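Encoded as structure tokens, the structure appears first; notes follow it.
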Amino acid sequence: MKILVCISHVPDTTSKINFTDGDTKFDTNGVQFVINPNDEFGLTRAMWFKEKQGATVHVVNVGGPETEPTLRKALAIGADEAIRINMAPTDGYSVAKQLAQVVKEGDYNLIIGGRESIDYNGGMVPGMIAHLTGASFVNNCISLEIENDTATAIREIDGGKETLKTSLPLVIGGQKGLVEESDLRIPNMRGIMQARSKPLQTKEAVDAAAETQAVQFEKPAPKGAVKLVDSVDALVDLLHNEAKVI
């Protein structure tokens, strides 16, 4: 089985976010980047398939040279090969077109992406990859088992969970539950040394015009001052007349 794990290069959640050029561009100065958490859950599950079923695991990212340390970390965790598509990821559709081309060229059985990335939270790329490649698709995936060419997946739905069976090839949008946080792997020294010699190839982007454009960014309004009350009646009055939530 050949597995392709899509890796987003995203700011660490503890980073202080700022914008430049009239709030039209994200300021990367002083920001530490990491593997997108939803993608890391997927990568960890892919490593399970590698160790238990002998799968081959490749990772792919759409981005510039600055994303290569993130791909090297994925290799240090245990992926066999990395691919960087040399294009700025400014639009979900154009990113999906690049990844779909890699899927077609690599003849992958299972494509694992995160449900969404924690930078733009678009939540659209895995579904687009499935459409562009004709593969089955399961989003919000919290469990995945594969036997021969049949996949059994569980996904979160409103008010519960749904179990699905489908054939490969399959694209999933994974999240926490696919593995738990305690299952995530920290690269050890041996993995880091091995990652240096593993293939990391760069591919030029295929022609795919962006369908959307970020016009401006805006930070959330700062939280107001806390108002303390000393009785339930006063609290109810404020919620009703000032906050207008009841």
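Of all residues in region 18-76, those satisfying the criterion of being of a type in the set (Gly, Ala, Ser), surrounded by 20 or more Cβ atoms within 10 Å (Cβ to Cβ) and touching a residue at least 60 places away in the same chain (Cβ under 8 Å) are 42, 46, 74, 76. For region 148-168, the condition of being within 24 Å of residue 78 (Cα to Cα), in contact with a helix residue (DSSP H, G or I) (Cβ under 9 Å, 6 or more places away or on another chain) and either at pLDDT 95 or above or loosely packed, with under 11 Cβ neighbours inside 10 Å (or both) holds for none of the residues. Out of the residues in region 169-214 meeting the condition of being part of a helix (DSSP H, G or I) and open to solvent by less than 70 Å² (accessible area, probe 1.4 Å), tell me which one is nearest to residue 93 (Cα to Cα). By that ranking, first place goes to 195. Annotation: residue 91 fulfils all but one of (1) open to solvent by less than 20 Å² (accessible area, probe 1.4 Å); (2) closer than 18 Å to residue 198 by Cβ; (3) of a type in the set (D, E, K, R); the unmet one is (2).
The values are calculated or read from the model by the stated rules, or taken from the named source; none is laboratory data. All values derive from a computational prediction rather than experimental measurement. With ideal geometry, Cβ positions are generated from the backbone for all residues, glycine too; neighbour counts draw on all protein chains shown. Surface areas here come from the heavy atoms of the whole protein model, side chains and all, with no ligands, DNA or RNA. Shrake-Rupley method; radii C 1.70, N 1.55, O 1.52, S 1.80 Å.
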